[in-house]
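Written below as structure tokens is the structure these notes are about.
The values are calculated or read from the model by the stated rules, or taken from the named source; none is laboratory data. Only a predicted model underlies this, so the values are computations on that prediction, with no experimental measurement involved. All Cβ positions, glycine included, derive from the backbone under ideal geometry; neighbour counts span all protein chains shown.
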Amino acid sequence: MTDIAAPTRWKRLNLEIRDHMPFWQQSIAVAAAFAVGLIISVVILMISGVGLADLWNEFVVFIFTSPKNISAVLVQAAPLIIVGLSAGIAFKARFWNIGIEGQVIFGAIGATLVATYDIGPEFLRLPLMAIFAAACGMLWMALPVFLKLRLQVNEIISTLLMNYIAFNFLLHLLYGPWQDPVSAFPHSEQFESFERLAPLGWQSLNYSLVIAIALVAFCAWLLLSSRYGFLLNFVHSNAKMARAVGIRVALVTLFAALASGALSGIAGFAISAGIESRMTQSFFIGFGFSGILIAFLARNNPLAIVLVALFVSTLMIAGQSLQVFYQIPFAMVQLIQAIIVICVAASEFFIRHRIRWVE
Amino acid sequence: MTEIPDRNDASADGGPDLNGSDPVLTMSGITKSFGDFLALDNVDFDLKKGEVHALLGENGAGKSSLMNVVAGLYAADHGTIHVSGQPVSIKGPSDAQDLRIGMVHQHYKLVMPFSAVENILLSHPGGSYEQSLNQMREDIAQKAELIGFDVDTDKPVASLSIAEQQRVEILKVLVAGANFIILDEPTAVLTDEEGQRLLNAIRKLADNGNSVVLVTHNLSEALNHSDRITVMRGGRVVDTVLPKDVTPPELTRMIVGETISETPELSKVAGVPQLKVRELQASRTDGLAVIKNVNFDVRRGEIYGIAGVGGNGQGELVEVLTGLLPVTSGNLYLHEKGDITHSRADERRSFGIACIPSDRQTYALAGGLSVSDNFAISGVLNGSYGSWSRIDRRKMQSATDAAVKKFDVQGVRSRTQRAALLSGGNAQKLVIAREFSGQPGVVIAHSPNRGLDVRASAAVHNHLKSARDRGAAVILLSEDLDEIMLLSDRIGVMNSGAIVAEFDAPADRHAIGKAMVGHD
């Protein structure tokens, strides 16, 4: 017989499941995780030879005191906001769109098609480019969403693989029929001035930021106060229950997926007509990953997506100068993003659990 | 027989002597509070060798809390525990295991892709994987045979039924060497037939010299399958009695502190047929034909009970009626709407067909969303709360407040509280509040009292009767024959995917039972 004698009363840590955490505490937990991620990133950057003072200068002082840098951050943020919205609305329907890059490529192809073949009168050219971009992004989403809803094909695989098809089709166009006849480089002809998003008149800012803000307003309305957004919450939370209670889950999912494709397409238009003034071989790189990351960190909330996109954009711009002045590889910027994502993901654990001393 | 002395033979008197023998496990003066809430108030409980001891009480009476203390999951604030006369301190599940105390919880703790033998090995690691796997297999087979269990130990647990998974959990506890075995509401998730098999196995466990605590809120289980009954209410022990000394009404009074007795009360206003089901056939998504030939009418102002052993197509029938599962042939006719066989789920709801599903956490509530959202969803769908472009949150919330009050949903601290935090009975009341908000003409209720205590299930039954009395056609599917007999005006018996017999209330219970198990 084992006697369980208890001469000393040890204190030990106990892990308990938490039923509920108030919103403000959740916000603090996420903010704290974010801070931890930043601290880890700072340590890594310092180890790779950038002093603390230099980091402060590059990431805070130079960015926020120079109008040129502020505008660079905002210009970069516009397409990031749009891809963030694209990922956010798809994730809200639990449709895991990993194919944002492919849809961005097709959006740019749609816009470039209008520009290259001079479709429509000049004053309608830009709106037509935007519409074609949205339509092509949606088109590129149509096959995965059809496969998902009709045949239960996993959309993670199908959207991901569609990226490769899109990329190779892009190369075909740029090395073939749409190659720039002027320079003979593998990129499209430069857009005419009325085919580019006009400058806003302050630094390098242009209308892509206005488009991004308008789309944020649209998504905020759609997700937060329209009936569709209310139904989407149920599809997100419990699709079986949603179906049983009379929500047409397939229709709601279809709309979210197509909207996601259209938004990515518009992002492709914003990059090509707002930043590059043409379609290049590499304009889309990184937007898929960034979009997913932004939507995740912002918990699919359209307003939070703006903040996170601005943060990611600041990282990218500061990362460019780190690259130039300190020979830090650009991969470091992606490393920082990844560290912060992991920290915020880990904070979920503390939201769901509580650790306490017990006797 | 082996010469190795079993620990159980220490008392050396062979079979259990229930009235005379000293308790082998005693808990005295156990007190446990959570914040301001006193879950256990000076509770005494004991367990004798070879007995099945039923611990009876409503949801929240403190039964599970008490057992969690002895299993080492909760630390008591005060009180002592003696095992075989020695004072012990149980600081964690491993202490409990060393004392040979094992508990099977309501929610199973199994790794789904692993087989039964791997799951059991996981909680008792040691030796090389292959070796211990084989040894474990033998060990399990031996224990299983002792109590008449058959489980395929090499299939992934995910592919086992709930009843089989439960057996794995019980075997896990036995392999760990437990001879104090605590089963927390073991029959709540089982069908009648499976429950009966389990209760037989529990008896065998006790006959082998183990002591079993059967935590339950089911009266007949306690009365027919235990040696002693301890009743708890509000964190205290009301009394410990022998089953032969007590009648069901007395036991009910002990459980709820007052008499709740439900009496059958037939419909006065049965009218025209509201829903007609004709030669219905349907297959599950995996192609298996489960509904073979279902015909029945439900009139306005009556409750049509569908009795039957679980798994005879009841779940699929609910899905077909609500439009979630397509028919292969046959027709559904709704009064004034005509043929609705091919109407979508949302259309049927707009025609006034409401449903209270048996698995409310999966099919009736979105646990992560608020009480208010869960209540309002049906109203949002029919346009009661704002237009497509704008949800009227204020209207939604005042309607929620009114419904929470009217349907007596307790435990709602705020409207934004997640629905998952409601207890079973209150969650069910919320579902009923929503489903009844549109004054439905047809109500389909599938096992509406599953997991509810006496008081909550009486409330649910009253809601069904009041729906009937205002003229709704109510279809009640239940494996609980008592529930069917109590509420139904007419009773159909479902067997192997068909309605095989129909009775008018008051019906002969024996005849219904016969139709339930017949094979033609």
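Let me confirm something: among B:G492, B:G471, B:G513, which residue is farther than 30 Å from B:D408 by Cα and out of contact with any helix residue (DSSP H, G or I) (no Cβ under 8 Å at 6 or more places or on another chain)? Criteria check complete, one pass: B:G492. Of the helices (runs of 4 or more DSSP H) contained entirely in the stretch B:136-231, those carrying at least 2 residues that are touching a Phe, Trp or Tyr at 6+ places or on another chain (Cβ under 7 Å), free of Cβ contacts under 8 Å to residues at least 60 places away in the same chain and crowded, with 18+ Cβ neighbours inside 10 Å fall at B:162-175.
Report yes if B:R344 is closer than 12 Å to B:L321 by Cα, buried (at least 22 other Cβ atoms within 10 Å of the Cβ) and either out of contact with any helix residue (DSSP H, G or I) (no Cβ under 6 Å at 6 or more places or on another chain) or facing chain A (nearest Cβ under 7 Å) (or both), otherwise no. Judged against the criteria, B:R344 is not a match. Just to be sure, is B:D373 acidic (D, E), within 22 Å of B:L321 (Cβ to Cβ) and either buried (at least 17 other Cβ atoms within 10 Å of the Cβ) or within 11 Å of chain A (Cβ to nearest Cβ) (or both)? Judged against the criteria, B:D373 is not a match. Can you tell me which residues in the stretch B:86-98 are within 15 Å of B:V24 (Cβ to Cβ), more than 8 Å from chain A (Cβ to nearest Cβ) and free of Cβ contacts under 8 Å to residues at least 24 places away in the same chain? The answer is B:P87, and nothing else. Each residue in the stretch B:376-399 was checked for being surrounded by 15 or more Cβ atoms within 10 Å (Cβ to Cβ) and within 14 Å of chain A (Cβ to nearest Cβ), and 14 of them qualify. Out of B:D13, B:D17, B:D9, B:D95, report the one residue that is surrounded by fewer than 16 Cβ atoms within 10 Å (Cβ to Cβ), assigned to a helix (DSSP H, G or I) and modelled with pLDDT under 90. Unique residue meeting the criteria: B:D9.
If the condition is being over 22 Å from B:H461 (Cα atoms), crowded, with 24+ Cβ neighbours inside 10 Å and more than 7 Å from chain A (Cβ to nearest Cβ), then the stretch B:347-370 contributes no residue at all. The criterion of at least 3 residues that are closer than 20 Å to A:E276 by Cα and touching a Leu at 6+ places or on another chain (Cβ under 9 Å) is met by the following helices (runs of 4 or more DSSP H) wholly inside the stretch A:89-194: A:100-116, A:122-151.
Only residues that are polar (S, T, N, Q) and at pLDDT 85 or above were counted across the stretch B:238-294, and they come to 6. Output yes when any residue across the stretch B:423-439 is away from chain A (no Cβ under 14 Å), in contact (Cβ under 8 Å) with a residue 12 or more places away in the chain and over 25 Å from B:N59 (Cβ atoms), and no when none is. Yes, the stretch B:423-439 has at least one match. Of all residue pairs spaced 6 or more apart or on separate chains, those with beta-carbon atoms under 7 Å, a first member in the stretch A:206-225 that is in contact (Cβ under 8 Å) with a residue 60 or more places away in the chain and a second member that is surrounded by 15 or more Cβ atoms within 10 Å (Cβ to Cβ) and of a type in the set (F, W, Y) are A:L222/A:Y228. Of everything listed in (1) surrounded by 22 or more Cβ atoms within 10 Å (Cβ to Cβ); (2) within 13 Å of chain A (Cβ to nearest Cβ); (3) assigned to a helix (DSSP H, G or I); (4) in contact with a helix residue (DSSP H, G or I) (Cβ under 8 Å, 6 or more places away or on another chain), the single unmet condition for B:V318 is (4).
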